[in-house]
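Visitor: First the structure, then my questions, so here it is.
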Amino acid sequence: MRAIDLFAGCGGLSRGFQNSGFDVVAAFDNWKEACGVYAINFKHPIFEVDLSLIEDTSFFKEWKPEIILGGPPCQDFSSAGKRDESQGRADLTITYAKIIAAVKPEWFLMENVERIKKSQVLQEAISILKASGYGISSTVLDASYCGVPQIRKRFILAGHLHSKDGFLDRYLRQNQSKKRITVHDYMGDKLDIQFYYRHPRSYARRGIFTIYEPSATIRGVNRPVPENYKKHKGDLCDPKLVRPLTTLERSCIQTFPEDFKWVGTKTTVEQLIGNAVPVKLAEYIANCFLEYIADEARETQLQLFEGIILL
């Protein structure tokens, strides 16, 4: 299935869908540094473009996508941001919906933060998509039940032309693991530590974690243990005895493969990693699409077979 990836970032969605057998043929993003990292990790092109300025969608149609993927920037909804839809980035969710409505691929997939569920922008985007003939499935997935060693809740919106709403719900739900995957489950003995520091948003929260639990959400910042850090009641180790995860360790928890190439300043790479869709989460969603498609094909064949018998 041919795919294009809008707001592609460094390529988490692209890599996951590609791993599941989708043919990603082009990607688009407006962050120069993200495009640079994407370009050295994929054979197909990425275009540095401000999608909010695109009026002629014929360029997207030229790629003949059967599915459009995308994770419009989420800072206006994120718990780490100002949560203000008037800041402008929220409009990119509408941009995404309008591009899909104009290009009319058979399928689409949008990923965003959980908080977008409460936004008026999401309702407007869904109205655009439904008016264009798409059946809608939506849910919140916790990545730690989807092959990712990280508690990361993300809103998933999937669409299929001329289908009923909820078409993918069962697959997104039933394929989850029974328990959360831990850092040690995923990385084994590659880490030479049992505890590590993850800078909390406030010192009311703990900052020290063990590899025998899922990681907290990987964010775009990665700081050392502050000299004035006081041990939180939830910390299971002396803060003086731990270190933060390295950049590459954080990319592994985001389930990027070890051979994925990162270029740019440390600050930029940390932001790229924190903003990315975990590869294994994308892979999980892609496999749900494929399972649904296979079941629909079997059902169609069965109906044809039964029709022949009746004749």
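Visitor: Go through the residues of the range 49-63 one by one and say whether even a single one is at pLDDT 95 or above, in the same structural domain as residue 105 (by TED's automatic domain parsing), over 23 Å from residue 270 (Cα atoms) and surrounded by fewer than 15 Cβ atoms within 10 Å (Cβ to Cβ).
Guide: Yes, that holds for at least one residue.
Conditions (1) surrounded by 15 or more Cβ atoms within 10 Å (Cβ to Cβ); (2) modelled with pLDDT under 95; (3) in the same structural domain as residue 66 (by TED's automatic domain parsing), marked per residue:
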{"residue": "208", "(1), (2), (3)": "yes, no, no"}
{"residue": "212", "(1), (2), (3)": "no, no, no"}
{"residue": "217", "(1), (2), (3)": "yes, no, no"}
{"residue": "221", "(1), (2), (3)": "no, yes, no"}
{"residue": "237", "(1), (2), (3)": "yes, yes, no"}
{"residue": "243", "(1), (2), (3)": "no, no, no"}
{"residue": "249", "(1), (2), (3)": "yes, no, no"}
{"residue": "265", "(1), (2), (3)": "no, no, no"}
{"residue": "288", "(1), (2), (3)": "yes, no, yes"}
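Visitor: How do the pairs read when you match residues in the range 237-252 that are touching a residue at least 12 places away in the same chain (Cβ under 8 Å) with residues anywhere that are among the small types (Gly, Ala, Ser) and not in a loop (DSSP other than H, G, I, E, B), using Cβ under 9 Å and keeping only pairs 6 or more apart or on different chains?
Guide: Matching pairs, first to second residue: 245/215; 250/215; 250/274.
Visitor: Next up: Return the total of residues in the range 25-53 being assigned to a strand (DSSP E or B) and without any contact (Cβ under 8 Å) to a residue 40 or more places away in the chain.
Guide: From the range 25-53, those assigned to a strand (DSSP E or B) are 25-29, 46-48; that's our starting set.
Next cut, without any contact (Cβ under 8 Å) to a residue 40 or more places away in the chain only: 26-29, 46-48.
The total comes to 7.
Visitor: Continuing with the same structure: Please determine, by comparing only the residues of the range 90-118 that are assigned to a loop (DSSP other than H, G, I, E, B) and crowded, with 19+ Cβ neighbours inside 10 Å, which one is modelled with the highest pLDDT.
Guide: Of all residues in the range 90-118, those assigned to a loop (DSSP other than H, G, I, E, B) come to 90, 104-106.
Filter again for crowded, with 19+ Cβ neighbours inside 10 Å, leaving 90, 105.
Working: 90: 65, 105: 98.
Step by step, filter the range 90-118, then rank; the result is 105.
Visitor: Just wondering, is there one or more residues in the range 172-194 that are under 26 Å from residue 102 (Cα atoms), surrounded by 14 or more Cβ atoms within 10 Å (Cβ to Cβ) and outside the structural domain of residue 231 (by TED's automatic domain parsing)?
Guide: From the range 172-194, those under 26 Å from residue 102 (Cα atoms) are none; that's our starting set.
No, the range 172-194 contains no residue that is under 26 Å from residue 102 (Cα atoms), surrounded by 14 or more Cβ atoms within 10 Å (Cβ to Cβ) and outside the structural domain of residue 231 (by TED's automatic domain parsing).
Visitor: From 159, 135, grab the single residue that is farther than 24 Å from residue 214 by Cβ and in contact with a Lys or Arg (Cβ under 6 Å, 6 or more places away or on another chain). Break it down into steps so the answer makes sense when it comes.
Guide: On the way: 159 fails: in contact with a Lys or Arg (Cβ under 6 Å, 6 or more places away or on another chain).
Sole residue among the options that is farther than 24 Å from residue 214 by Cβ and in contact with a Lys or Arg (Cβ under 6 Å, 6 or more places away or on another chain): 135.
The values are calculated or read from the model by the stated rules, or taken from the named source; none is laboratory data. None of these values were measured; they are calculated from a predicted model. Glycine gets a Cβ as well: all are built from the backbone with ideal geometry, and neighbour counts include every protein chain shown.
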